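What follows is a single structure, written as structure tokens, with notes after it.
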Amino acid sequence: MSILVVGTVAFDSIETPSGSAERVLGGSASYFAVAASFFAPVRVVGVVGEDFPQEYIDLFTQRGIDLQGLKRERGETFHWRGRYHEDLNVRDTLELHLNVLTGFVPRLPEAYRDAEYVFLGNIDPEMQLEVLSQLRCFRLVACDTMDHWIQGSVEALRKVLPRIETLVINDSEARLLSGDHNIVRAARSILKMGPKTVLIKRGEYGVLQFSDSSVFAVPAYPLEEVFDPTGAGDSFAGGFLGQLARSRDSGQGGLRRAIVYGSVVASFTVEDFGLKRLSSLSLADIEERYQRFVELTDFHT
Ligand code: AMP
């Protein structure tokens with residue numbers, strides 16, 4: 001039950017009200033892979049430049065993450081610079097350098113083509129389509145995207161959506177994609193674009209899950225201090241798909257438990273800059289907070 005992820009492996013430069021960090025390891029595939037690796041084996045498809053340090057490669061390999069599909073190309077690694085507002089749900093992209101990602105065509109190593117659980121991380125939808133076309137069989141494909149791609153590559157994105165099971169997207173992106181400000185109507189119109197389930201991330205307000213037959217809501221784990229929200233969404237997706245792969249249960253109950261695991265992993269990510277907190281975590285820490293989460297939301301009618 002291995003998990004395949006395609007996405008960015010990046011240098012992130014981040015400013016939040018709590019501090020700043022320069023060129024730390026980031027990117028959608030990085031957060032997803034580390035988060036999912038607590039639950040199941042993970043394989044990464046992506047690209048880095050000549051400047052990508054060994055210490056970051058080691059961080060992945062220490063977690064048993066398979067990097068056969070991570071290409072090193074001539075040039076510089078993808079670099080994102082962002083700044084968060086006092087309201088941490090709002091951030092501005094100050095710089096976006098695609099660098100080696102420009103023109104990158106993902107090629108799945110032969111062994112990756114039978115991956116059971118697939119995450120098409122936040123990346124050019126054309127690359128997401130390329131990955132889909134190389135998969136032989138799979139149980140579940142989830143996908144993320146962001147404003148940059150909704151604004152610039154919506155046609156390719158509309159081709160991805162009918163081919164996936166679950167879209168993981170944040171609330172402002174759901175509004176942008178659907179053209180509807182109301183989040184419930186936005187989710188309904190995205191469901192009509194193809195995915196069976198839409199998971200709407202609402203930062204500190206938690207997650208809403210929509211399918212044709214149900215709606216499910218979980219809060220975010222209440223934290224006294226959020227240092228850096230970067231990667232919360234990708235860590236959520238990693239915990240979610242990781243738990244689905246571990247349990248092999250994609251029924252309604254299994255999906256709901258996986259959403260809570262995703263929320264738990266994301267709550268750790270935001271406690272420090274970059275991948276610092278996630279890389280010092282154990283599965284026991286995750287299970288313990290999962291139990292606290294269960295108590296937090298325990299409610300009998
Ligand atoms: P999240 O906070 O989970 O939405 O994801 C943050 C990650 O997305 C950062 O680590 C960035 O490196 C990465 N990122 C930012 N902009 C883009 C983009 N346009 N395409 C792909 N990845 C991006």
Only bridges with both residues in the stretch 3-297 count here: give the DSSP antiparallel percent, nearest 5.
-> 40
Can you tell me the FRET efficiency between ARG163 and GLU287 if r is taken as the Cβ-Cβ distance and R0 is 22 Å, rounded to the nearest 0.05?
-> 0.05
If you stretched the chain out fully between VAL215 and ARG188, how much longer would it get, using 0.36 nm times the residue separation minus the C-alpha to C-alpha distance?
-> 8.7 nm
Separation of the stretch 132-185 and the stretch 252-272 by C-alpha centroid, Å?
-> 20
Say each of ASP51 and GLU295 gets a label point 7 Å from the Cα, pointing the same way as Cα to Cβ; how far apart are those two points in nm?
-> 4.7
Among the trypsin sites (Lys or Arg not before Pro) in the stretch 80-163, which ones are in a DSSP loop with at most 14 other Cβ atoms within 10 Å of the Cβ? Mind listing them?
-> ARG107, ARG136, ARG139
Pseudo-spin-label distance PHE138 to ARG256, built 7 Å along Cα→Cβ, given in nm, is 2.7
Value of relative contact order over the chain, rounded to a whole percent, pairs C-alpha under 8 Å and six or more apart | 18
From DSSP H assignment alone, runs of 4+ in the chain each adding -39500 (n - 2.57), the sum over residues rounded to the nearest 500 puts [θ] at 222 nm at -10500 deg cm²/dmol
Cross-link partners among aspartates and glutamates for LYS196, C-alpha distance below 13 Å, same-chain residues fewer than 8 apart left out?
-> GLU165, ASP212
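Read-outs throughout are calculated quantities, based only on the coordinates presented, and are distinct from any laboratory measurement. Owing to the predicted nature of the structure, the values given are computational and were not obtained by experimental measurement. Positions of Cβ are backbone-derived with ideal geometry, glycine not excepted, and every protein chain shown enters the neighbour counts.
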